[in-house]
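Please read the structure below before turning to the comments.
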Amino acid sequence: MHEFSIAIGIIEIVNQHAEKAEAHIVNEIEIEVGELSGVVLDAMEFAMESAKKGTLAENAGIVFHYIKGRGQCRDCGKAFDLQNVFDPCPFCGAFNPEVKQGKELRVKAINVD
Amino acid sequence: MCGTCGCGQNDQPIRILKPGEENHPHSYIHAHDHSHDGKIHAHNHDHKYAHNHGFDDADHQHEHLHEHQHDSDSHDHSHSQNHDHDCGCNNEHSHDGHHHNETAGHKHGRQISIEEDALHRNDLTAQRNRGYFEAKNLFVVNLVSSPGSGKTSLLEKTIAAVKGKTEIYVIEGDQQTMNDANRIKAAGAPVVQINTGNGCHLDADMVHKATKKLEMTDKSVLIIENVGNLVCPSLFDLGESKRVVVISVTEGDDKPLKYPTMFQTSDICIINKTDLLPYVDFDVAKAREYALRVNPNLMFFELSVKTGQGMEAWIDWLLVGF
């Protein structure tokens, strides 16, 4: 369950930025989670609810932006949707995709007062 | 808060120790204070007895009023929050009031763009470690696998094989016990044990602290044996030169497909316990094919730590890397 240590890291980032902005409450946290990021979205949601307790973000709404996996075949150069890093190219069958999108695990923005 | 399950209890502390440092009398008594909502009480612990902490006094209620100013109009409102905590683990909250962000049509507050990777801090510390390792000319291997694939046995044999050719140091990661560190020390290598408590992986900061304790000489090999787990350690860069994943033939040959992130982020795959191949259904060719699907650049060593077959190639690679 590495999601919890990641969630705690996210809250640290959020609190640092909130304090810098002299905010007294965090209303909302926007997080980008890629399909190929290696975290489970459900576990992430649960972890964030626990991690925010006792912080400026205690009552913050968490908005997840789920980013679909996209890859490009290193052999034939065509782009396609990637559910797993080992999906074969649907055009030429090669197991050689370069991940173009979907590895994201980022704190995008916060809304504070 | 606990960093593993998110419950309200404090996390088990991370301990970084050399063999021999862990011995302290378990029957000593120490006192400390707890504060529960302003009620402070002191009590003693005797470590001979198991005990649980409850938060009996943690039930509390609070209420507050506040006022908002809007550009065009103003309104007052109040909300009360009733919290009931039993132990802080599965606390259910009932919130009366509203969430500011759910107000239809517009948002209150200031929007601050952050755009920071969630693992940014670990990555920074890992890069710091990497700089230190490179400056000292250390070849650092992050050894990952499921529990029981033979990482520690591989290390014991590796330490014996490189004796006289290079200095070798070990950082051992386990949730609990000094067992592995004691085995490594007996095999003849300086070692520091990291006990992660509940944690399921090592991170760059733990390695940074353990590295300080090791006081390594330049031009050496450092092997970091990660916590036995094919999922979580894959996301945490430690600053290593190479990541080496170990699977054994008593596991399924489809492991690379089941745990792709670990195989994708590794440089080397060791297939261990090959002496057992006649007795198991593990198909080495299939395992290799699956692993290459996930990571076309992966290099393989097939070996048996028990019989020593195939160990030479691994040792040669380690010494060349260094």
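The values are calculated or read from the model by the stated rules, or taken from the named source; none is laboratory data. These numbers were taken from a predicted model, which means no experiment stands behind them. Glycine also receives a Cβ, built like all others from the backbone with ideal geometry; neighbour counts cover every protein chain displayed. In case anyone asks, the SASA skips ligands and DNA or RNA and just uses the protein heavy atoms, side chains included. Shrake-Rupley method; radii C 1.70, N 1.55, O 1.52, S 1.80 Å.
Per-structure values
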| read-out | value |
| --- | --- |
| Single condition B:SER113 does not satisfy, out of (1) modelled with pLDDT of 95 or more; (2) within 14 Å of chain A (Cβ to nearest Cβ); (3) under 25 Å from B:THR261 (Cβ atoms) | (3) |
| Answer residue from segment B:263-277, given it is within 14 Å of chain A (Cβ to nearest Cβ) and part of a helix (DSSP H, G or I) and is least open to solvent (accessible area, probe 1.4 Å) among those | B:PHE263 |
| Any hit, segment B:292-304, residues being surrounded by fewer than 23 Cβ atoms within 10 Å (Cβ to Cβ) and hydroxyl-bearing (Ser, Thr, Tyr) | yes |
| Some residue of segment B:175-184 being of a type in the set (S, T, N, Q), crowded, with 19+ Cβ neighbours inside 10 Å and more than 14 Å from chain A (Cβ to nearest Cβ) | no |
| Selection count where residues are in a helix (DSSP H, G or I), among the charged types (D, E, K, R) and at the interface with another protein chain (Cβ under 10 Å from one of its Cβ atoms), scope segment A:26-62 | 1 |
| Criterion violated by B:ALA210 - all others in (1) at pLDDT 95 or above; (2) more than 21 Å from B:TRP314 (Cα to Cα); (3) open to solvent by 20 Å² or more (accessible area, probe 1.4 Å) satisfied | (3) |
| Candidate set from segment A:70-88 (those that are under 24 Å from A:GLU32 (Cα atoms) and part of a loop (DSSP other than H, G, I, E, B)); member that is most open to solvent (accessible area, probe 1.4 Å) | A:GLN83 |
| Scan of segment A:89-109 for residues that are open to solvent by less than 30 Å² (accessible area, probe 1.4 Å), more than 7 Å from chain B (Cβ to nearest Cβ) and out of contact with any Asp or Glu (no Cβ under 6 Å at 6 or more places or on another chain), ordered by number | A:CYS89, A:PRO97 |
| Filter result for A:ALA7 (within 10 Å of chain B (Cβ to nearest Cβ) and assigned to a helix (DSSP H, G or I)) | yes |
| Some residue of segment A:3-22 being surrounded by 17 or more Cβ atoms within 10 Å (Cβ to Cβ), over 26 Å from B:ASN198 (Cα atoms) and in contact (Cβ under 8 Å) with a residue 12 or more places away in the chain | yes |
| Extreme residue, nearest to the other protein chains (Cβ to nearest Cβ), among residues of segment B:241-256 that are within 18 Å of B:PHE282 (Cα to Cα) and surrounded by fewer than 19 Cβ atoms within 10 Å (Cβ to Cβ) | B:ASP254 |
| Single condition B:GLY188 does not satisfy, out of (1) open to solvent by 60 Å² or more (accessible area, probe 1.4 Å); (2) touching a helix residue (DSSP H, G or I) at 6+ places or on another chain (Cβ under 7 Å); (3) on the phi > 0 side of the Ramachandran plot | (1) |
